[in-house]
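Okay, so here's the structure we're looking at.
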Amino acid sequence: MDDLVQRFLNGERRALARIISRVENETPEGREYLRALFPHSGKTHTIGITGGAGSGKSTLTGALAAEYRRRGKTVGIAAVDPSSPFTHGAILGDRIRMQDLALDPGVFVRSMAGRGALGGLAPAIDEVVSIMDAFGFDYVVIETVGAGQDEVEIAGTALTTILVNNPGTGDDIQALKAGIIEIADILVVNKADHPGADVLVSQLQALLSLAPKGSRRPPILKTTATRGEGMDALADAIAAHRVELETTGQLEKHRAEDARHQVLSIARAILLEKIRQATPEHELQALVDRVAARQLDPHSAAEELAAAVEQSEPRAIKRRV
Ligand SMILES: Nc1nc2c(ncn2[C@@H]2O[C@H](COP(=O)(O)OP(=O)(O)O)[C@@H](O)[C@H]2O)c(=O)[nH]1
Ligand SMILES: [Mg+2]
């Protein structure tokens with residue numbers, strides 16, 4: 001393990017890839033790496049990119065990464081999207097530029113299916129991001145489909161969250177109603193080469209003007225990710241957002257909230273795992289069946305599960321002695 005950590009700290013990408021795999025698999029060894037590398041994390045600027053499927057999140061992520069490379073910055077990319085065109089470290093799409101990116105040692109891409117042994121999608125992703133952070137990337141971009149609550153939550157834990165919209169889809173206002181807009185620090189109208197981009201910008205502006213006085217109005221930017229257009233302005237807006245976070249004290253608050261979120265979500269996963277261990281599958285099934293048959297209410301069933309953990313704890317300790 002020490003050797004792998006040393007190679008990681010020396011900047012070896014293969015060591016980074018291996019450690020991420022172990023962390024993703026949620027092995028005890030993976031947790032040891034997290035512990036060892038935690039002191040090296042906390043410097044990166046995390047950027048969440050969320051929006052509907054097909055809105056151009058992956059393309060935008062690649063184009064933004066290319067912009068950062070032009071600025072001499074390094075970028076880690078965590079794509080939490082099973083349909084993501086990031087494959088085997090190669091970003092498909094705008095062929096030439098994207099392939100350059102895949103070969104660039106200043107960019108590291110990790111594609112993850114939305115999974116997690118305990119059904120908790122969030123912890124594994126937070127952890128992968130924290131490993132990328134420890135590796136020393138200037139930016140870590142997290143791409144998630146903005147459909148489910150989990151994805152919104154993941155994107156929301158990033159320092160800067162970007163919501164991608166498209167002209168002429170009609171989905172956008174829907175997404176905004178669903179409360180996703182509340183987590184957006186920057187609104188992007190991507191596919192600005194399509195008709196209706198300016199109309200959508202106006203609609204978004206009108207919507208934002210309804211927000212209570214004094215609340216923050218996220219900037220709205222037009223991009224054509226396939227051509228890399230608008231990336232300079234987007235990178236500037238991200239930098240401006242960071243300055244804003246720093247000067248208003250929001251950065252510290254964000255870090256504190258993120259720490260609380262991480263601790264609680266890991267604690268939740270640990271407790272759930274204990275419950276699963278204390279109750280054999282057939283007993284769990286029997287309990288669930290009684291709830292389905294309305295012989296037992298879900299709350300009482302859950303309390304029975306929790307009580308089984310308390311009963312099994314002393315036994316577990318005895319076994320270890
Ligand atoms: N015309 C146009 N197409 C785009 C733009 N950005 C992405 N696309 C295309 O939209 C499709 C979906 O893009 P992708 O990045 O995979 O979307 P994701 O599902 O949100 O990650 C692909 O065919 C892209 O080439 C854009 O700015 N203009
Ligand atoms: Mg994608």
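Some values worked out for this structure:
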{"read-out": "Filter result for residue 264 (at pLDDT below 95, assigned by TED's automatic domain parsing to the domain that holds residue 62, more than 16 Å from ligand 1 (Cβ to nearest atom) and assigned to a helix (DSSP H, G or I))", "value": "no"}
{"read-out": "Residue 30 being of a type outside the set (Phe, Trp, Tyr) and over 14 Å from the mean Cα position of the chain (by Cα)", "value": "yes"}
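The values are calculated or read from the model by the stated rules, or taken from the named source; none is laboratory data. Treat the numbers as computed from the prediction; the structure is a model and nothing was measured. FYI the Cβ positions are ideal-geometry reconstructions off the backbone, even for glycines, and counts take in every protein chain you see.
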